[in-house]
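Structure first, then comments.
The values are calculated or read from the model by the stated rules, or taken from the named source; none is laboratory data. Here the structure is a predicted model, which means the values were calculated and not measured. We place every Cβ from the backbone using ideal geometry, glycine too, and count neighbours over all the protein chains shown. When the accessible area is computed, the model is the full protein with side chains, heavy atoms only, and any ligands, DNA or RNA have been set aside. Shrake-Rupley method; radii C 1.70, N 1.55, O 1.52, S 1.80 Å.
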Amino acid sequence: SKKAVIIGSGIAGISASIRLAVKGYEVEVFEANPFPGGKLSEIEIKGYRFDAGPSLFTLPEQVEELFLLAGKNPKEFFEYIKLPVACNYFWEDGTRINAFAEVDKFADEVERKLGEPGSHISESLRQSAFIYEHLAPLFMHRSLHQIQTWTNPDALKSYLKMGKLGIFSTMNEANEKLFDNPKLVQLFNRYATYNGSNPYETPATLNIIPHLEFNIGAYFPKKGMHAITQSLFQLSKDLGVTYHFDQKVEEVLVENKKAIGIKVRNEHIHADLVINNMDMVNAYKSILRKQKQPKLLLNQPKSSSALIFYWGIKRKFPELDLHNIFFSDNYLEEFDHIFKKGSIYHDPTVYINITSVYKPDDAPADCMNWFTMINVPNNQGQDWDKLIAEAKKNIIHKLNRILKTDVEPLIEVEEILDPRKIEIKTSSAQGALYGNSSNNKFAAFLRHANYSSSIKNLYFCGGSVHPGGGIPLCLLSAKIMSKMIEE
Ligand code: FAD
């Protein structure tokens, strides 16, 4: 049988291994870390378990599809629930909004608490669904780099609707048109952060995201986000895929413009296909350094990064849910700091993810595991130690004001993740969470294709290449890529 080697066991690498194993390839995965999953991993500290990176889960059928491909019943291996409330939102003035999954209930809540006509919610989600219907087939399920994509009937239908797809205005402009209350504009602007972009710059096309959360649904894997990695890793091994951990690939071997294998620990490993799941920018700097560099793609601005405090909190807060947002009083200033000043605003929007709400064994009795995160600029060599110390103080003061408590004495354990560590741990350029940012109209076209145009048998998957970052898109990148290999 033909042999494929995969560089990196991020969620896209694991998913690619499953797809190729099902097609009959002999697959070997080489991973620099001692564990699989890359950004989608977990940490444990003194009785507290935390999902290390991603916490929002949409499009679970992308995971289930992999079990079905292997002829297994996904329900037996990967269980998840639909969330009744997508997120709890808090503002400094005491306003609290529950974003109920049921659209009518959410519209009611917004009308009661913000005086915003509920019809504005349904109109906004209708527009969001419209964008999804027209763009998903084109941008999420196909390669943008093959001519067939642009000449198929879906594409033609979409050209005719360019105006309505939000290409010509920013997300913030579109939301200001839709909503009267600035709090609702802020709530819907936050969706830009789902792929590390700036709502004041990114095209309104990104209003596709609320459709995923409301119309399709927000979910939680019963065993935590890490179960996505664990269950797919197990499936991949059951299909005969071999994993090599602590093995950092040094080079992709190329002969006569054809990838013929990899070099790892000074050994040459030959293969018919080489699949790169490592961040594209750092891949061209290291394992592909001798190859032609796609400069335009490499130089695109990166998405934002994150500063996370994993806190074990020795008290329960009944007002907190799985996803909680404490909004900044000045969102524009906050994003100017992240994307223009390369710094952290003194009043950042704080996100707290608490898996122990749904999975009580993630924290000791009467305690909670707070994954406390703010969006921060990607790493440009800032004085992070100073920024982190200031941010920690500001976050605690903000939470104290809104929750009317004193958080500091409740913190029993602490671990910190910052842009520098994200880069070291997963080799992501500048510690960006989602590869390139989507802060301009052309971003979708300036991501690396799922194949190399100059080297045969070399393919790409993962959050830094087409169609983009985030778990669902990473899984789709592996799908698009394996379809190409088949063809
Ligand atoms: P990565 O996870 O980037 O993994 C790449 C792997 O390649 C790593 O394991 C690395 O060690 C390995 N590697 C690199 N170089 C080499 C080499 N030379 N040899 C061998 N192995 C190598 N997404 C969501 O959908 N929802 C969220 O809520 C969300 N929140 C996030 C929060 C944080 C803090 C972070 C960091 C990310 C978040 N994301 C979220 C994004 C999501 O985690 C990523 O898009 C996705 O996990 C990336 O997967 P990937 O397949 O590209 O590989």
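List of remarks:
- Only listed residue being away from the ligand (no atom under 12 Å from the Cβ), surrounded by 17 or more Cβ atoms within 10 Å (Cβ to Cβ) and closer than 22 Å to I422 by Cβ, chosen from Y89, Y80, Y48: Y48
- Inspection of the range 390-400 identifies at least one residue that is open to solvent by 60 Å² or more (accessible area, probe 1.4 Å) and of a type in the set (D, E).
- For A107, the conditions (1) surrounded by 16 or more Cβ atoms within 10 Å (Cβ to Cβ); (2) assigned to a helix (DSSP H, G or I); (3) not assigned by TED's automatic domain parsing to the domain that holds Y191 are fulfilled apart from (3).
- Filter pass, E31 being of a type in the set (D, E) and away from the ligand (no atom under 12 Å from the Cβ): no
- Check on Y434, outside the structural domain of E333 (by TED's automatic domain parsing) and touching a strand residue (DSSP E or B) at 6+ places or on another chain (Cβ under 8 Å): no
- Looking only at residues of the range 198-219 that are crowded, with 23+ Cβ neighbours inside 10 Å and modelled with pLDDT of 95 or more, we find that the one that is farthest from A101 (Cα to Cα) is N198.
- Scan of the range 315-366 for residues that are open to solvent by 40 Å² or more (accessible area, probe 1.4 Å) and farther than 24 Å from G196 by Cα, ordered by number: R315, K316, P318, E319, V357, Y358, P360, D361, P364, A365, D366
This table checks each residue for (1) within 21 Å of I388 (Cβ to Cβ); (2) more than 12 Å from the ligand (Cβ to nearest atom); (3) in contact with a Gly (Cβ under 9 Å, 6 or more places away or on another chain); (4) assigned to a strand (DSSP E or B).
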| residue | (1), (2), (3), (4) |
| --- | --- |
| P409 | yes, yes, no, no |
| E412 | yes, yes, yes, yes |
| R420 | yes, yes, yes, no |
| E423 | yes, no, yes, no |
| N440 | no, yes, no, no |
| A444 | no, yes, yes, no |
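- Scanning the range 133-150 finds no residues that are over 28 Å from Y434 (Cα atoms) and either open to solvent by less than 20 Å² (accessible area, probe 1.4 Å) or not assigned by TED's automatic domain parsing to the domain that holds F233 (or both).
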